[in-house]
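Report on the following structure.
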Amino acid sequence: MADRFAIILAAGKGTRMKSPRPKVLHEIGGRSMLAWSVALAKDLGCKRTVVVVGPDMPLLSEAAAKFVGAENVVIQRDQLGTANAVDAARAALKDADGHAIVLYADTPLVPKEAGVRAFAEIEKGASICVLGFIAKLPNRYGRLVTDGNGSLNAIVEANDADELQLRIELANSGVMAAPVKLMFDLLGQVRNDNAKGEYYLTDLVGLARERSLQASVAHCDERDVQGVNSQVELAQVERVFQDSVREQMMAAGVTLPAPETVYFSYDTKIAAGVTIEQNVVFATGVSVESGAVIRAFSHLEGAKVGPGALVGPYARLRPGAVIGKDAHIGNFVEVKNVTIGEGAKANHLSYLGDGEIGAGANIGAGTIFCNYDGFFKYRTIVGEGAFIGSNSSLVAPVTIGVGGYVGSGSVIVEDVPADALAIARGRQAGKAGWARTFRDAKSAAKKAGNKPKGAV
Ligand code: UD1
Ligand code: CA
């Protein structure tokens, strides 16, 4: 098989986004659109991926260099159109021998199979292959002009199309494959005598046909190639992504009573046999094992949830939260960078940050791990089977030994040995009859109109 190369176009200004952030750094499913295209190129086995960026886009160049290496980031000086953008990769790919695929970074959800189909057409002998789809509202998309036998004659941009061509429903996704050398050869002939005065990549098809070369269409679904040009379209593509993950999750045995209210990231891993209630958000880096239940209104990020665990309602799991088998994390409990042992429970209103909680430990309502002194962070270790009374502050670094017991309302600043009790609060005092005497004196004063000094 010929070597594969990818050219990702990301130099457009994205003015319709009206955002200070470069368009393709906006995210779908918790990952930038640029990263989606880079991942596709990798999945397609591309030997090298070149990303074309604009000048004065330091954030974008930096992100691209992180993904593909600075040597594979090229700058398109002026945004003269998509053909001019691909041409910016000419020097970087001068020694490349094989087949290239052009991806538009503003079209993030192209499935691997669609890319495979486009390359396959070239491998079978087509000179150029474009990924096309039937558009419900073809609008601004370029139209694919085919002959009766399904081979492609030309792509006409919407602005340049006549009445008849505008009625064509087969639209250009922007994905195009061709042998590298032929692609750059044809690019040299592209002119800008069109409505926008731009150099269109789409003209390559007509140019290839003039040389009697074969051009073909690979087909895909509209929802896989929806492009993002505005904030509204960004949200639409996010919805397409979310709907498809929800469907995949349910097909794989995840129970979602209200799938439309649950939000996933590109890397969320949920095992069969997990139930996810309403209004749950999975930010990046979460895995949940079988039998766990994530109850309503929980937010999870960078967390691992073990089998049979119960999380929420209203729980917040932050990066480094590792919830053991059958453990319970209840309402208004925030967990960050803490490993929680099997069957341990923190059921109500707690902040557990930086530490370890042993199996079977019970963390009372209102427990706080005081992990930060304003400069550094420290760990709290709670041993197996320990019991932390409600409303306790554990001032880290501190260790509660195995089976240790902390009295409610304690502020613990020293380690507690195994099986010991620690109480760190004012001792209770009692005065018999005090309340009655107090009330009698006050009500008499009020009746007599004697306001105490300072009363208002
Ligand atoms: C393009 C296609 C159109 C297709 C549609 C699919 C052309 C001429 N038209 O239109 O047929 O239906 O995509 O979404 O290709 N870019 C650069 N440099 C430039 C111009 C653009 O890098 O000078 C990049 C943009 O960042 C973007 C991509 O190329 O990632 C597409 O450009 P855009 O202007 O959005 O093209 P469309 O008008 O959407
Ligand atoms: Ca576009």
(message) Just to be sure before I move on: is residue 206 open to solvent by less than 50 Å² (accessible area, probe 1.4 Å) and in contact (Cβ under 8 Å) with a residue 60 or more places away in the chain in the structure I sent?
(response) no
(message) If a residue counts only when it is assigned by TED's automatic domain parsing to the domain that holds residue 94, closer than 24 Å to residue 88 by Cβ and touching a Pro at 6+ places or on another chain (Cβ under 9 Å), which strands (runs of 3 or more DSSP E) contained entirely in the stretch 104-214 have at least 2 such residues?
(response) none
(request) Filter the stretch 125-149 down to residues that are farther than 15 Å from residue 219 by Cβ, free of Cβ contacts under 8 Å to residues at least 12 places away in the same chain and away from ligand 1 (no atom under 15 Å from the Cβ), then give me how many there are. (result) 2
(message) Just to check your reading of the model, which residue among 201, 207, 186, 234 is of a type outside the set (Phe, Trp, Tyr), in contact with a helix residue (DSSP H, G or I) (Cβ under 7 Å, 6 or more places away or on another chain) and within 14 Å of ligand 2 (Cβ to nearest atom)?
(response) 201
(request) Among the numbered conditions (1) outside any strand (DSSP E or B); (2) in contact with an Asp or Glu (Cβ under 6 Å, 6 or more places away or on another chain), tell me where residue 302 comes up short. (result) (2)
(message) Could you check the stretch 81-99 and list, in sequence order, the residues that are within 16 Å of ligand 1 (Cβ to nearest atom) and surrounded by 18 or more Cβ atoms within 10 Å (Cβ to Cβ)?
(response) 81, 82, 83, 84, 85, 86, 87, 88, 89, 92, 93
(request) Just need a number here: residues in the stretch 164-183 that are of a type in the set (Ser, Thr, Tyr) and either more than 16 Å from ligand 2 (Cβ to nearest atom) or surrounded by fewer than 23 Cβ atoms within 10 Å (Cβ to Cβ) (or both). (result) 0
(request) Give me the pairs, please: first residue somewhere in the stretch 36-63 and within 21 Å of residue 96 (Cβ to Cβ), second residue anywhere and open to solvent by 30 Å² or more (accessible area, probe 1.4 Å) and within 16 Å of ligand 2 (Cβ to nearest atom), beta-carbon distance under 8 Å, and either six or more positions apart or on two chains. (result) 37/104
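Kindly indicate whether any position in the stretch 388-396 is open to solvent by less than 10 Å² (accessible area, probe 1.4 Å) and over 19 Å from residue 327 (Cα atoms). So that I can check it myself, show each step before the final result.
Restricting attention to the stretch 388-396, the residues satisfying the condition of being open to solvent by less than 10 Å² (accessible area, probe 1.4 Å) are 388-389, 392, 394.
Remaining after also requiring over 19 Å from residue 327 (Cα atoms): 392, 394.
Within the stretch 388-396 (the criterion being open to solvent by less than 10 Å² (accessible area, probe 1.4 Å) and over 19 Å from residue 327 (Cα atoms)), the answer is yes, since at least one residue qualifies.
For the stretch 247-264, enumerate the residues that are part of a loop (DSSP other than H, G, I, E, B) and either small (Gly, Ala, Ser) or free of Cβ contacts under 8 Å to residues at least 40 places away in the same chain (or both).
252, 253, 254, 256, 257, 258, 262
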(request) Among what's in the stretch 100-116 and is open to solvent by 10 Å² or more (accessible area, probe 1.4 Å) and more than 11 Å from ligand 2 (Cβ to nearest atom), pick the residue that is nearest to residue 1 (Cα to Cα). (result) 116
(request) Give me the pairs, please: first residue somewhere in the stretch 1-19 and free of Cβ contacts under 8 Å to residues at least 60 places away in the same chain, second residue anywhere and within 12 Å of ligand 2 (Cβ to nearest atom) and of a type outside the set (A, V, I, L, M), beta-carbon distance under 7 Å, and either six or more positions apart or on two chains. (result) none
(message) Based on this model, can you work out whether residue 245 counts as at pLDDT 95 or above, within 16 Å of ligand 2 (Cβ to nearest atom) and open to solvent by less than 20 Å² (accessible area, probe 1.4 Å)?
(response) no
(request) Scan the stretch 5-63 for residues that are of a type in the set (A, V, I, L, M, F, W, C), in a strand (DSSP E or B) and either away from ligand 2 (no atom under 16 Å from the Cβ) or open to solvent by less than 10 Å² (accessible area, probe 1.4 Å) (or both) and jot them down. (result) 5, 6, 7, 8, 28, 50, 51, 52, 53
(message) Taking the conditions exactly as written (buried (at least 16 other Cβ atoms within 10 Å of the Cβ) and either assigned by TED's automatic domain parsing to the domain that holds residue 338 or under 39 Å from the mean Cα position of the chain (by Cα) (or both)), does residue 411 satisfy them or not?
(response) no
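The values are calculated or read from the model by the stated rules, or taken from the named source; none is laboratory data. Bear in mind the structure is a predicted one, so any value in this text is a computation, not a measurement. In this analysis, Cβ positions are derived from the backbone assuming ideal geometry, glycine residues included, and neighbour counts consider all displayed protein chains. Just so you know, the surface numbers come from the protein's heavy atoms only, side chains and all, with ligands and any DNA or RNA stripped out. Shrake-Rupley method; radii C 1.70, N 1.55, O 1.52, S 1.80 Å.
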